[in-house]
Every structure is written in structure tokens, then in C-alpha cells.
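Scroll down for the structure; my scribbles are underneath it.
No value in this document is a laboratory result; all are computed from the given coordinates. Computed from a predicted structure; not experimentally measured. When we count neighbours, we look across all protein chains shown, and the Cβ atoms used for this are built from the backbone with ideal geometry, even at glycine.
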Amino acid sequence: MDISSILQGGYQHPLSRSWQARSPLTKSMLMYPIFITDDPSACVEIKSLPGQCRWGVDRLEGFLGPLVKKGLKSVILFGVPVNCQKDERGTPADDPNGPVILAIKTIRKLFPEIYIACDVCLCEYTSHGHCGFLADDGSGTILTAPSVQRIAQVALAYASAGAHCVAPSDMMDGRIKEIKRALIDGGFGNRCTLMSYSAKFASGLYGPFREAAGSAPSFGDRKCYQLPPSARGLARRAIVGSSRIFLTFLFPALPQITLCLTSISHLISLLAHLTPFHSEQIRDMGEGADIIMVKPSLPYLDIIASAKELASDHVIACYQVSGEYAMVCAGADAGVYELKTLAFETVESMVRADPPFFVHLVYTPTLQLLLSFAHANVELTGATLILTYFTPQFLDWLEA
Ligand code: PBG
Ligand code: ZN
């Protein structure tokens with residue numbers, strides 16, 4: 001089966017179906033990142049992430065039970081192996097007795113209604129702490145081909161263990177295609193969602209996470225695979241690599257063009273020819289991603305809007321990362337603002353971060369296009385899936 005013909009992996013679960021809707025902030029839009037360690041009875045507080053712990057699998061029932069009662073719908077799992085032998089290729093990542101695979105099975109058994117996503121990366125499991133394989137000449141060069149093969153293997157292991165979604169955060173070129181291929185060939189093409197950390201920036205905001213997950217690189221940094229914070233162009237190319245400069249020039253003129261057109265069917269056929277589906281798609285959309293993620297979120301709201309513009313028919317996710325969470329908490333502790341106010345303000349800005357109106361005109365499906373003529377204020381959104389450590393609090397704060 002061809003990669004681009006697989007859509008079912010993106011909506012195989014009632015929850016992933018709900019993410020296709022454009023709506024105000026609700027509980028089902030929140031995904032809670034949790035850290036699973038290999039001591040089954042662990043509950044170790046993470047100092048730099050107030051209120052968050054590393055959990056052992058035996059503690060998951062007590063930890064998640066009350067949250068499920070309050071309406072928790074989904075989690076994303078991060079493995080934090082402490083008692084394992086890390087090596088060059090990240091062997092412990094798909095250890096059948098490792099924390100992630102055991103946690104998937106445990107959560108599926110305890111809470112079958114919970115949607116389980118798994119972060120897929122090697123940095124928590126490699127001796128050098130980098131997200132891919134390194135050349136052995138000491139230059140720090142990433143070996144892309146073997147890295148993506150290994151990452152696809154790990155993703156398939158998580159899907160086989162029962163994950164509803166695999167989410168590669170490594171930023172190796174070509175890993176989306178390799179993972180999608182592995183999922184399809186392994187029989188999971190229509191059973192497992194592929195969420196790509198597409199536009200992941202080399203941010204200063206990952207510090208608390210690296211402490212929590214023990215995944216800081218032992219030397220160098222991640223700048224040769226994560227994006228430079230100033231790079232809008234690279235972010236757009238990581239999401240969809242088509243060359244649509246011609247169309248971009250046309251956008252400002254579209255409202256005038258539409259006014260001149262007398263027949264609505266002429267207009268629709270014109271717009272149909274301008275959709276991105278007529279141009280070549282490479283990178284994450286073309287490689288088979290079901291969900292496109294932007295990370296971090298608050299300093300990159302423009303990138304969330306760009307993602308929605310480029311991938312308007314995909315679910316757009318964003319990750320309010322550890323440093324963003326710690327920042328909001330620290331300001332509240334210092335009395336600068338109220339925690340709840342800022343938690344809402346930040347997350348709602350991510351939902352709101354939508355592209356300009358004239359872009360909607362071109363990219364939305366035909367029916368919505370017609371509606372948008374009738375109601376100029378048709379509601380559209382930026383991200384509809386938000387990964388946030390504030391999820392437990394939002395479950396208290398939100399009604400539904
Ligand atoms: C590992 C990974 C990181 C995060 C998610 N997956 C850290 C990194 O890339 O260094 C960051 C999440 C957070 O800060 O909350 N590839
Ligand atoms: Zn990594």
C-alpha cells in the first residue's frame with residue numbers, strides 16, 4: 001500500500017476522531033505527558049517540574065485513576081530508565097520489559113478508555129544522550145539512515161504493545177516515512193496514529209525535561225537536528241516541502257479576485273486548482289504524518305499558525321514544554337500573576353493561533369468555503385491538541 005493513501009491510522013480511536021473538530025478548549029484536547037521509570041514502585045518528585053513525578057508502573061493505578069475520573073482522555077509516555085545499560089544504539093528503548101512497554105500494557109488493562117501516545121526517541125536510552133546514532137570518528141555527525149531504521153523499529157514495538165499513537169521527537173530526516181512504512185508493513189497502518197514532532201526547535205525550554213528524563217546529551221548540543229529558533233522557513237519545509245511561492249504571491253489578491261467572479265462554481269474550481277494537494281508534498285505531511293506538532297509553543301505561536309495554514313486538513317498539535325510550564329509556575333510563585341489565569345491565557349493562545357482569513361478561503365474544504373462566504377466570522381483554530389503538564393489542573397478548571 002502506498003504511504004500517502006493511508007488515512008485510517010489518523011482516526012482509529014474515538015479520541016483521535018474528536019481532534020479533527022475545530023472547537024474551543026475542552027478536556028479532550030489535552031494530552032498529559034508522564035514519565036515512567038523502571039522501579040515499579042517509584043514516585044519520585046521532579047524538582048524543576050513542580051507537581052510532576054517519575055512514576056513506576058505499579059503506581060499508575062493510584063496516579064491516573066483519580067485523573068481518569070475527572071475526565072483525563074490521553075497521556076503521552078516518556079521512558080526514564082535508571083537501572084539499565086545504555087549503549088550507542090539505545091537498546092533499552094524497546095526492551096519488552098522496559099518501562100514504556102510495561103506502562104502501555106498496564107494502562108491499557110487498567111484504563112481501556114485512555115488514549116496512549118508514546119514519545120519515540122533514543123536520547124533517553126543512548127550512552128551519549130543524542131537522539132540518533134553518531135559516526136564513530138568523534139565528529140558528532142548523525143548517521144541518518146541507521147538512526148531512522150532504529151527509530152522505526154522502536155515505534156513499531158510500541159504500536160505492537162498497544163500504543164494508540166507513536167510520536168517521534170528525534171528530528172532525524174526521513175523518520176516519518178520510515179515509521180509509517182514499518183507501521184503499515186507490521187499491520188498497524190490503520191491502528192496506530194503517527195504524530196510528528198515536525199517543527200521542533202533547539203530551545204532553551206527543555207531543561208527541566210532533560211533533568212526529569214536523564215536525557216541531556218553527554219557532549220555537544222542538538223543544533224544539528226533541532227531547528228534554529230529564528231527559522232520559519234525550515235519549520236515550514238519540515239511540515240510540507242512543496243514549493244508554492246507562486247500561490248503565496250496570489251493570496252493577497254484573492255479577495256479581489258473572488259469579488260470579480262460572478263459564478264460560485266468558477267470560483268470553486270479556481271480554488272481547487274490552488275490547493276496544496278496539486279503541488280508536490282515532501283517531508284512530514286507527504287511522508288505520512290497524521291498529526292503535525294509544533295514545539296515549544298508560546299514563543300512559536302506564529303509557527304502554529306503556519307502549520308495550520310500548510311496542513312489545514314491535518315490535526316495540529318503543540319507541546320507546552322517543561323520550561324514553559326516551569327516558567328508559568330515560577331511567575332505565579334513570585335506573585336507576578338495568578339497561575340490559573342496564565343495557564344488559560346497561554347493554552348488558549350495556542351488554540352487561537354490560526355492563519356489569516358484569506359488563507360482559510362483557499363484551504364478549507366468546499367462546504368466550509370461556501371459557509372465562509374455566508375459567515376465571514378467562521379470559527380477556525382490553531383492547535384486542537386495540546387500536550388501540557390497543566391492537564392491535571394485543567395481537568396479541575398474545565399467543565400467538559
Ligand atoms: C527528547 C524530547 C525532549 C522533549 C520531548 N522529547 C527534549 C529534547 O529534545 O531535548 C522536551 C519536552 C519538554 O521539555 O517538556 N527527544
Ligand atoms: Zn531525543
**Report entry** For the range 27-171, average projected area of the Cα convex hull in nm²
**Finding:** 9.0 nm²
**Report entry** Backbone HN-Hα couplings from phi across the range 341-349 [Karplus 6.51/-1.76/1.60, Hz, Gly and Pro as x]
**Finding:** 4, 6, 4, 5, 4, 5, 5, 5, 5
Report task. Could you let me know the centre-to-centre spacing of the range 101-180 and the range 26-98, using Cα atoms, in angstrom? Result -> 15 Å
Query raised in the report: Treating the beta-carbon of each Lys and Arg as +1 and of each Asp and Glu as -1, no other charges, what is the dipole magnitude of the range 1-148 about its Cα centre, to the nearest 20 debye?
Result: 1000 debye
Query raised in the report: Using +1 on the beta carbon of Lys and Arg, -1 on that of Asp and Glu, and nothing else charged, what's the dipole of the range 72-119 about the Cα centre, debye to 20?
Result: 240 debye
Query raised in the report: Relative to a virtual label point 7 Å from the Cα of R108 in the Cα→beta-carbon direction, which members of the range 150-181 show backbone nitrogen distances below 18 Å?
Result: 153-167
Requested in this report: Take every DSSP beta bridge with both residues inside the range 88-231 and express the antiparallel ones as a percent of the total, to the nearest 5.
Outcome: 10 percent
Query raised in the report: So what's the net charge close to L387: Lys and Arg +1, Asp and Glu -1, counting the other residues with Cβ under 13 Å from its Cβ?
Result: +1
Query raised in the report: In nm, to one decimal, how far is the S139 label point from the C224 one, both placed 7 Å along Cα→Cβ?
Result: 0.8 nm
Report summary line: Length gained, I3-E338, 0.36 nm per residue minus C-alpha separation, equals 115.9 nm
Query raised in the report: Once the Cα gyration tensor of the range 36-76 is diagonalised, what are the square roots of 5 times its eigenvalues, in whole Å and ordered largest first, as equivalent ellipsoid semi-axes?
Result: 18, 13, 8
Query raised in the report: Of the beta bridges DSSP finds with both residues in the range 1-110, what % are antiparallel, to the nearest 5?
Result: 25 percent
